[in-house]
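Worksheet: one structure, shown below.
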Amino acid sequence: MLAMRGAVLRRTETGALTLPMVALAFVAFSALDCVTTTVGLMRGAREMNPFQAALMGHGLNAFYITRVAVVTIVLVALQFLPKRVSAWICLGFAGLTALVVLSNVETILH
């Protein structure tokens, strides 16, 4: 990332800022996944993830608890990696979760 200092552009380290922002995106998309999944299920859709579908037999609370646990485990595990690597991995999880949210929205709208 380039930053302006006076009239000189200099490179700044992005690892410290990037990981919290990407982690926040991952948490936000995970929350949106829970919301869109709940709306979809209330409208008659079915869960496509076989693991989550099996949990649905125990109610939506099992889904929410599992989702919170997975997000927490991922975020804790990323603390043991270098920040730049953690940021890229978290970005991958955030992107994948964003695609799931888009799929859920598409299912809800059709």
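The values are calculated or read from the model by the stated rules, or taken from the named source; none is laboratory data. All values derive from a computational prediction rather than experimental measurement. Don't worry about glycine lacking a Cβ; one is built from the backbone with ideal geometry, like all the others, and counts go over all protein chains shown.
With THR107, THR66 as the choices, which residue is closer than 21 Å to LEU41 by Cα, in contact (Cβ under 8 Å) with a residue 40 or more places away in the chain and either not in a helix (DSSP H, G or I) or not basic (Lys, Arg) (or both)?
Answer to the check: THR107.
Just wondering, is there one or more residues in segment 87-95 that are more than 24 Å from MET48 (Cβ to Cβ), assigned to a helix (DSSP H, G or I) and modelled with pLDDT under 95? Before you say what the answer is, go through the steps one by one.
Within segment 87-95, the subset more than 24 Å from MET48 (Cβ to Cβ) is 87-88.
Filter once more, keeping what is assigned to a helix (DSSP H, G or I): 87-88.
Checking which are modelled with pLDDT under 95 leaves us with 87-88.
For segment 87-95, residues more than 24 Å from MET48 (Cβ to Cβ), assigned to a helix (DSSP H, G or I) and modelled with pLDDT under 95: present.
Just checking, which of LEU78, LEU60 is modelled with pLDDT under 95, crowded, with 16+ Cβ neighbours inside 10 Å and farther than 22 Å from HIS110 by Cα? Step through it out loud before you land on a result.
Values: LEU60 fails: crowded, with 16+ Cβ neighbours inside 10 Å.
LEU78 is the lone residue from the list that is modelled with pLDDT under 95, crowded, with 16+ Cβ neighbours inside 10 Å and farther than 22 Å from HIS110 by Cα.
Can you tell me how many residues in segment 37-63 are out of contact with any Cys (no Cβ under 8 Å at 6 or more places or on another chain), closer than 19 Å to VAL100 by Cβ and assigned to a helix (DSSP H, G or I)? Break it down stepwise before answering.
Looking only at segment 37-63, we keep the residues that are out of contact with any Cys (no Cβ under 8 Å at 6 or more places or on another chain), and these are 37-62.
Filter again for closer than 19 Å to VAL100 by Cβ, leaving 37-56, 60, 62.
If we keep only those that are assigned to a helix (DSSP H, G or I) too, we end up with 37-42, 50-56, 60, 62.
Residues meeting the conditions: 15.
Output the residues belonging to segment 69-102 that are hydroxyl-bearing (Ser, Thr, Tyr) and touching a residue at least 40 places away in the same chain (Cβ under 8 Å). Show your work before the answer.
To start, the set of residues in segment 69-102 that are hydroxyl-bearing (Ser, Thr, Tyr) comprises 72, 86, 97.
SER86, THR97 - these are the residues of segment 69-102 that are hydroxyl-bearing (Ser, Thr, Tyr) and touching a residue at least 40 places away in the same chain (Cβ under 8 Å).
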